[in-house]
Amino acid sequence: MDFKNIDKKYRPVPFWSWNEKLNVPESLRQTALMDEVGIGGYFMHARGGLQTEYMGEEWFENIGACIEECNKRGMHAWAYDENGWPSGFGGGKVNGKGEKYWQKYLRVMPADGDKSNIEPHRIICTTGEYTFYYDVNPFYVDTLDAEVILDFINEIYEPYYEKYGSTFDGFFTDEPQISRNGIPWSLTFIDKYREKYGEDICAVLPSLFFEVGDFRTVRIKFWKMVTDLFSANFMKQIFDWCNAHNLKFTGHLVLEETLMVQLITNGACMPHYEYLTIPGMDWLGRNIFPCLTHHQVGSTAAQVGRRQVLSETFALCGHNVGHDELKRNYEWMMVRGINLMCQHLEGYSNRGIRKRDYPPAMYIQQPWWADYKVFNDAMSRVGMLLAEGEIKFDTLLMHNMTSAWVTYNNGNNTLPDGKDITYYNTSLINATLALEAKHIPFHLGDETLMERHGRVEGNKLIIGEQTYTTVVLPEYICFMENTQKLLDEFRANGGKIVTDVSTLEANPIIDNEKITFTWRDFGDFKMYYFVNSNNSTEQATITKGSYAIDIATGEKVEFCGEYTFPAYGSLVVIDDGTPARAKKAEKNLTALDISGKWAVENATFNSVTLDKCDYWFDGELQEENGYVLNIVPRTTELKRPVNVRCAFKILSMFPTSSSSQLKLPRSLPLR
């Protein structure tokens, strides 16, 4: 295999924020600059600050020019399906059509309560001592209604195809969601529930909020219906449209990290990833912590045969983030299933407040831009290997989302036994950590995906393209009927089911639990990928491997089985059956004398961050050492012209001479 050359389909595809007056020559200039530093394409993303009419003549003039330029360069031009986010409202065209199209939330009140503030047509029913009604969010849409989403397709997707056919790659959808405000409702629910279960949903609504009746069964049925409707009417409907028009569909959901946050927003995450040509996730901020996000999307991708898995990443890391932290975060995701980078954010302009848009600015304004290709090459090379190799994990960790459905009551989400959603989430997370510490590669098993693609053959459980010989059960309340049948058949045929990861034998591939590991099969060789996400040096002995790969260049590097991982370091090892090199004797190093006088030259212009100042409005002091971003909102609150004066204090760490005094302009624009 050629480890040096990287096809552009494996190179980063960042968010290109169209946040300014668009200009075709400028758009083409920026495309060329991205190509030069190893970027493989972009998502053309309407964003705050846009001075060109969204989907107007000038907009499409730039879209067309960029598609043509990308095709000339072998790059990949993608459309973004919204003016902002979350996807679905069509820049206001869809939700602007009336209440049928609006997002809705189920509410409950005492039957004898005051209903004067409720629109009569929004009262659903009265069941026993409770009245049920819905609230509306007029700024977003009902993603559970097929007719609403068909309208979204007609308003946004069809115009691109009419103009450009299949000459661009496809569409990115961003954070479509069911609800962000409790249990969802749709005007379709009464009919859909009766079609699916032959029952009247009104009779069972109390069980969604209270532990009454057969609430466990009711909640499973309700949330299964919600999940299936979102899958079918938003995700699959757009996916099928894209396939029919020879276009790809990618993007990510919202709030994927835990059982709780994904429940009301998605029903469950994993069933929806199947309907993305390139399944994706996002990760905001610098912090990394145990979560479900990458395991969910990576598992689904492997099971349904999607080679590439995207992460929209680096938003909210701040302008002062270093590439060491960016590398740490992205490799933390790659070793768990991600292989295509979508950097957030490249601003068409950083003028004014645009520079404050979910920083960092990962773009041409940065002093490191000329050296950016090194980073892009390294991450793309690992991504290429992860995408091209075959995944053959034999351990399945069952996802306990159904237990979250049972527990959720739109309140304290706690059952009479005292166990809440957090209890089941913690159990699932702990199982992932225990498997990783033992270096046992695994996938998550989602019940809806098992319903679609699961079967048992002998003592093996198969989900789509993946085959498992061991199943791990976290804490759970129950599984759906089809899932339980599969597990019972698997057990009866001699399949291994465990409830305690500690009973599993550790993989001897590496002897350091702090190092995370995955692997891929290429037939004539295997690739092993090790990642140290810790801010510490880690020693390890690795039992497989013939040689290593320098991820920055693709060059082969000698490998002896022992390795010192620097903080945030990683290692790619290739095992083609040949033995590793013997460990070389350590060199006797001689100290280098660096005493004496040295001349220091500036590599780049220095800069100072002007983030705190004393400021006055019309001569009156408002705040000492205040944050500059507070100034604009406080002036706009006054709703009148304001004369603003700012005084910045700079502390110099070095003695200054008359020839090296720091000089600031007498006036500074508030940008």
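The values are calculated or read from the model by the stated rules, or taken from the named source; none is laboratory data. Since the model is a prediction, treat every value here as computed from it, not as a measurement. As a convention, Cβ positions derive from the backbone with ideal geometry for all residues, glycine included, and neighbour counts pool all protein chains shown. Areas reflect the complete protein model, heavy atoms only, side chains present, ligands, DNA and RNA absent. Shrake-Rupley method; radii C 1.70, N 1.55, O 1.52, S 1.80 Å.
May I ask you to give the percent of accessible area on segment 133-199 that is carbon plus sulfur, with a probe radius of 1.4 Å? Whole-percent figure for carbon plus sulfur exposure: 44.
Taking a ≥ b ≥ c as the square roots of the eigenvalues of the Cα gyration tensor, an a/c ratio of 1.5 or more together with a/b no larger than b/c marks the chain as oblate. Inter-label distance, Cys478 to Ala146: 2.9 nm, where each label sits 7 Å from its Cα along the C-beta direction. Our summary gives segment 187-271 a relative contact order of 19 percent, counting only alpha carbon pairs under 8 angstrom and 6 or more residues apart. In terms of the Cα gyration tensor, with a ≥ b ≥ c the square roots of its eigenvalues, is segment 493-631 rounded because a/c is under 1.5, prolate because a/b exceeds b/c, or oblate? Oblate.
Using C-alpha pairs under 8 Å with a sequence gap of at least 6, the mean separation divided by the residue count of the chain gives a relative contact order of 11 percent. Annotation for segment 566-638: GluC sites (Glu not before Pro) lying in DSSP loop with at most 15 further Cβ atoms inside 10 Å of their Cβ are Glu586, Glu601. Note that the chain presents 45 Å² accessible area per residue, ligands and nucleic acids not counted, probe 1.4 Å. Specify whether the C-alpha gyration tensor of segment 359-472 places it in the rounded, prolate or oblate class, a ≥ b ≥ c being the square roots of the eigenvalues: rounded for a/c under 1.5, otherwise prolate if a/b is larger than b/c and oblate if not. Oblate shape, in that a/c is at least 1.5 and b/c is the bigger or equal ratio. Antiparallel beta bridges, as assigned by DSSP with both residues in segment 448-593, represent about 90 percent of the total such bridges. Distance cut-off 19 Å, Cα to Cα: go down the list Lys526/Lys556; Lys100/Lys224; Lys8/Lys72 and report the pairs above it. Too far apart for the 19 Å limit: Lys100/Lys224. Most simply put, the chain has about 60% antiparallel DSSP beta bridges, counting only bridges with both residues inside it. Taking the 1.4 Å solvent-accessible surface of segment 300-401 as the whole, the part contributed by carbon and sulfur is 52%. By a 1.4 Å probe calculation restricted to protein chains, Ile123 has an accessible surface near 60 Å², given to the nearest 10.
Here is the list for segment 331-372: chymotrypsin sites (Phe, Trp or Tyr not before Pro) lying in DSSP coil, each with at most 15 other C-beta atoms within 10 angstrom of its C-beta, are Trp368. Extension gain, Thr126 to Thr590: 0.36 nm times the residue separation minus the Cα-Cα distance gives 158.4 nm.
Working note: 222 nm ellipticity from helices only, DSSP H runs with n ≥ 4, each -39,500 (n - 2.57), summed and divided by the residues of the chain, gives -8000 deg cm²/dmol to the nearest 500.
Across segment 393-505, C-alpha contacts under 8 Å between residues 6 or more apart give a mean separation that, scaled by the residue count, equals a relative contact order of 35 percent. The simple Förster model, with R0 at 25 Å and r as the Cβ-Cβ distance, assigns Lys639 and Asp135 a FRET efficiency of 0.20. Between Gly458, Val471, Gly445, the Cα set farthest toward the positive side of the dipole of segment 441-480 (charges on each charged residue's Cβ, about the Cα centre) is that of Gly458.
Taking Cα centre as origin and charging only the Cβ of basic (Lys, Arg, +1) and acidic (Asp, Glu, -1) residues, the dipole magnitude of segment 454-496 rounds to 120 debye. Each Lys and Arg Cβ is given +1 and each Asp and Glu Cβ -1; about its Cα centre, the chain then shows a dipole of about 1280 debye. Surface composition of segment 1-88: carbon plus sulfur atoms hold 44% of the accessible area, using a 1.4 angstrom probe and ignoring ligands, DNA and RNA.
Within segment 447-534, the GluC sites (Glu not before Pro) that combine a DSSP coil assignment with at most 10 other C-beta atoms in a 10 angstrom radius are Glu505.
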